[in-house]
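First the structure, in the form of structure tokens, and then the observations on it.
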């Protein structure tokens with residue numbers, strides 16, 4: 001039986017990765033870097049021999065066999081991640097996990113049909129890695145900036161929301177307070193963080209009184225239809241809608 005380590009704090013969890021695919025391997029390495037307890041299970045003993053040593057625990061296990069999952073005390077893990085895109089095996093493993101009372105499950109899906117089947121089984125969290133990467137790469141080529149779409153479904157949010165990075169090149173924004181950037185509010189956008197390129201310091205969270213400097217690197221969140229407008233406002237020397245200093249002072253006095 002695999003011994004699950006005691007948690008040192010609320011941020012430390014016990015993870016079980018089923019199937020050491022490229023998807024699960026990369027997730028596992030990130031979790032190890034963040035000092036989490038990571039146990040990997042794979043039915044290929046060669047994979048366990050070659051890569052298992054990089055994780056907290058490793059074991060050769062056929063997760064299609066519910067008895068073998070019981071033997072590793074699978075229900076006591078905080079999170080189980082199924083990294084198998086073979087639809088038949090994935091469904092069988094996820095069915096075993098549900099039967100054994102595992103609550104938190106993330107599953108890799110091969111396609112939308114596979115994802116829908118998992119959802120019907122009660123696996124709420126599933127992802128098609130290739131689709132996720134391809135989608136973000138497509139948007140990066142569209143906008144010519146580093147951009148990432150937030151994974152909300154249409155049922156959760158009508159508008160597509162993105163996080164993206166811009167540099168402040170518009171000289172008209174130099175020494176302007178965040179609170180004075182009316183065009184931000186007009187585009188329903190917010191600045192999440194600021195990186196001072198000269199000093200290398202990062203400002204987070206961002207205060208309304210914070211002033212922009214030339215070449216600041218900012219992270220924003222906004223709807224897709226606002227990205228190009230915001231890109232122009234921050235990166236081109238064009239007039240932008242600002243709250244005048246006199247108005248700002250009057251607002252403060254009130």
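The values are calculated or read from the model by the stated rules, or taken from the named source; none is laboratory data. This structure is a prediction, so every number in the text was calculated from the model and none was measured. We place every Cβ from the backbone using ideal geometry, glycine too, and count neighbours over all the protein chains shown.
Candidates 191, 127, 203, 163: the one that is closer than 28 Å to residue 82 by Cβ and without any contact (Cβ under 8 Å) to a residue 40 or more places away in the chain is 127. If the condition is being more than 19 Å from residue 107 (Cβ to Cβ) and either touching a helix residue (DSSP H, G or I) at 6+ places or on another chain (Cβ under 6 Å) or in a loop (DSSP other than H, G, I, E, B) (or both), then region 23-35 contributes 34, 35.
Residue by residue, here is whether (1) assigned to a helix (DSSP H, G or I); (2) modelled with pLDDT of 95 or more; (3) surrounded by fewer than 22 Cβ atoms within 10 Å (Cβ to Cβ) holds:
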{"site": "49", "(1), (2), (3)": "yes, yes, yes"}
{"site": "63", "(1), (2), (3)": "no, yes, no"}
{"site": "69", "(1), (2), (3)": "yes, yes, no"}
{"site": "81", "(1), (2), (3)": "no, yes, no"}
{"site": "85", "(1), (2), (3)": "no, no, yes"}
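Residues of region 147-184 that are assigned to a helix (DSSP H, G or I) and either over 16 Å from residue 222 (Cα atoms) or at pLDDT below 95 (or both): 171, 172, 173, 179, 180. Taking the criterion of being over 20 Å from residue 67 (Cα atoms), in contact with a strand residue (DSSP E or B) (Cβ under 9 Å, 6 or more places away or on another chain) and either part of a loop (DSSP other than H, G, I, E, B) or outside the structural domain of residue 29 (by TED's automatic domain parsing) (or both), the only residue of region 87-116 that qualifies is 109. If the condition is being surrounded by 14 or more Cβ atoms within 10 Å (Cβ to Cβ) and closer than 21 Å to residue 244 by Cβ, then region 187-213 contributes 187, 189, 191, 210, 211, 212, 213.
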